[in-house]
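Data first, discussion second: the structure below is written as structure tokens.
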Amino acid sequence: MIILPDPIYNPNFLDGDNISSRTKLAPGVTIAKYLGAYGDKTPFSHVGDANKRKQIARNLYLHAEMYRTINGNTDLFNNVRLIVSEGIYKGGPLETVGGDNLKKEDGRVVVYQVIDRKGKIDHSATFDVAEYWKDYCFYDKITLDYDIYNPDGSLTSQIVVEMPEVTESFDLNFGLGIATNYNGKLLSSKELVEVKLD
């Protein structure tokens, strides 16, 4: 499937050396949005190679489009907002980056949380967002991820979105896979399951 990116935000039209955290991927969405959690930002300047910067921007372009379907959707998601809880990954000086961190490093994998007006994770809306994306967006894989690793045993929920590597032609194959994990173990590989604690 060929995606036709908005020419205003198409990373192919940018000089890779000038791609920075301020580079816009969509209206109101810059690369800075994907540089880690609040208070723990990854500087984009660590990516020195212009071609890698352009590749990251292309991969993040699809994430920005998905992001806008929620934060710009006042009809269905007016009471919540989407935040990036895990964005671009920067490995340590002696680290060999692999697995999901390798995909986070180049912007293919981004982890999101759905926050209510009080700044708390809205578990029900998290499920609704994942379902909405499953039905209306293109992606390689969506994983609804739950855990109770907090010291107080409270539930945490997040959505892991993986995109294919975006080529210059934007001619892509989307896997459209879905899964639900609970405490790091696969709960379902065929459907999104809403987990609730009594």
Output the residue which, of all residues in region 134-161 that are of a type in the set (D, E, K, R) and under 16 Å from residue 121 (Cβ atoms), is surrounded by the most Cβ atoms within 10 Å (Cβ to Cβ). 145
Right, residue 141: modelled with pLDDT of 90 or more, of a type in the set (Lys, Arg), in contact with an Asp or Glu (Cβ under 8 Å, 6 or more places away or on another chain) and within 18 Å of residue 181 (Cα to Cα) or not? yes
Pull up region 1-34, narrow it to residues that are in a helix (DSSP H, G or I) and of a type in the set (Phe, Trp, Tyr), then point me to the one that is nearest to residue 49 (Cα to Cα). 13
Pull out all pairs, ordered by first then second residue, where Cβ-Cβ is under 9 Å, the residues are six or more apart or on different chains, the first lies in region 124-144 and is farther than 17 Å from residue 82 by Cα and in contact (Cβ under 8 Å) with a residue 24 or more places away in the chain, and the second is crowded, with 17+ Cβ neighbours inside 10 Å and among the small types (Gly, Ala, Ser). 141/179
Return the residues of region 109-133 that are farther than 16 Å from residue 192 by Cα and either at pLDDT below 95 or exposed (fewer than 15 other Cβ atoms within 10 Å of the Cβ) (or both); say none if nothing qualifies. 116, 117, 118, 119, 120
Single residue of region 1-34 satisfying the filter (within 17 Å of the chain's Cα centre (by Cα) and of a type in the set (D, E, K, R)) that is farthest from residue 111 (Cα to Cα): 24
Would you check if residue 190 is out of contact with any helix residue (DSSP H, G or I) (no Cβ under 9 Å at 6 or more places or on another chain), in a loop (DSSP other than H, G, I, E, B) and exposed (fewer than 12 other Cβ atoms within 10 Å of the Cβ)? yes
Kindly provide the set of residues from region 143-192 that are under 30 Å from residue 12 (Cβ atoms) and of a type in the set (Asp, Glu), ordered by number. 162, 165, 168, 171
Limited to region 145-198, what total is found for residues that are in contact (Cβ under 8 Å) with a residue 60 or more places away in the chain and over 19 Å from the mean Cα position of the chain (by Cα)? 6
Taking the stated definitions as given, is residue 56 within 23 Å of residue 8 (Cα to Cα) and touching a residue at least 12 places away in the same chain (Cβ under 8 Å)? yes
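The values are calculated or read from the model by the stated rules, or taken from the named source; none is laboratory data. These figures come from a predicted structure and were not determined experimentally. So basically every Cβ, Gly included, is an ideal-geometry build from the backbone, and we count neighbours across all protein chains shown.
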